[in-house]
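Everything below concerns the one structure shown next.
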Amino acid sequence: MKFERSTGVSKALLRNAATLAALTALLAAGGARAAEGRLMPGNVPAAYTQECASCHAAYPPGLLPAASWQRIMSGLGKHYGTDASLDAATVQQLSGWLQANAGTYKRVAEPPAQDRITNSSWFVRKHRKIDPAVWKHVSVKSAANCAACHTGADQGVFDEHRLQFPAGLDARYRRPWND
Ligand code: HEC
Ligand code: HEC
């Protein structure tokens, strides 16, 4: 009887611990740090994939601070040299979602120059071994074209297991892919 009661208690404790772990994972998945290296939150609005991933990858909201998303979403008519205008309701919906899921980590707290992910100091550091010629190569075109090298970019997966070496790139640039 004593034994049964004590196992009952420890089971309850275990259940609580499991609930806590599940909650932590859920909360983390909504922010910049997501379970299993996925940076994209689970609740991506259909309009985000349709409207914001037609010209480039669907950037995970956690890669920029809320202030950057707010500026980007209020200036879609002049979006990095192009017109990415949307109707007011969609702007409001996406702007709210982006800001709610924006990065809050220290490394993404500061709005980078031009509100570009690619100008963030963590981005520059992570890609410091890549030769500048690589970004300009025809198969890459720009550092903003994450999917040229990160095959899981649209799911917010940027780990080293999902890296590809762009076709046509000279093998001498390969070192950062092998590290
Ligand atoms: C008509 C095409 C087009 C659409 C639609 C579009 N973008 Fe862009 N976006 C661009 C271009 C072009 C750039 C600059 C890319 C470059 O420098 O290589 C850019 C850059 C960005 C950057 C900065 C990337 C960097 O350098 O780190 C962000 C963030 C961004 N877009 C977010 C969005 C969001 C959010 C939406 C949807 C509301 C959106 N874009 C829709 C064309 C578009
Ligand atoms: C020209 C290819 C290329 C492009 C384009 C590129 N990356 Fe990378 N990225 C790499 C390589 C290669 C590494 C590994 C570098 C190393 O280990 O030295 C890397 C590393 C990373 C890492 C660190 C992964 C880890 O596990 O430490 C993140 C995060 C990342 N990239 C995000 C992005 C995002 C976001 C974009 C687009 C805005 C992007 N990258 C564009 C090639 C690229």
Global form of region 70-114, assessed from the alpha-carbon gyration tensor, a/c cut-off 1.5: oblate
Distance (nanometres) between label positions extended 7 Å along Cα→Cβ at Ala147 and Arg128: 3.1 nm
Ascending count of other beta-carbon atoms within 10 Å, so fewest first, for Arg125, Arg162: Arg125, Arg162
Dimensionless Rg ratio for region 33-85, taking C-alpha atoms and the 2.2 N^0.38 Å reference: 1.21
Exceeding the 26 Å Cα-Cα cut-off - candidates Lys106/Lys141; Lys106/Lys126; Lys78/Lys136; Lys78/Lys106: Lys106/Lys141; Lys78/Lys106
Exposure proxy order (Cβ contacts within 10 Å, fewest to most) of Tyr48, Tyr105: Tyr105, Tyr48
Cα-projected label distance for Ala47 with Gln164, points at 7 Å along beta-carbon direction, nm: 3.1 nm
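Every read-out reported here was derived from the displayed coordinates using simple, explicitly stated rules and does not represent laboratory data. Everything numeric in this text was worked out from a predicted model, so none of it was measured. Positions of Cβ are generated from backbone atoms using ideal geometry, with glycine treated the same way; all protein chains shown enter the neighbour counts.
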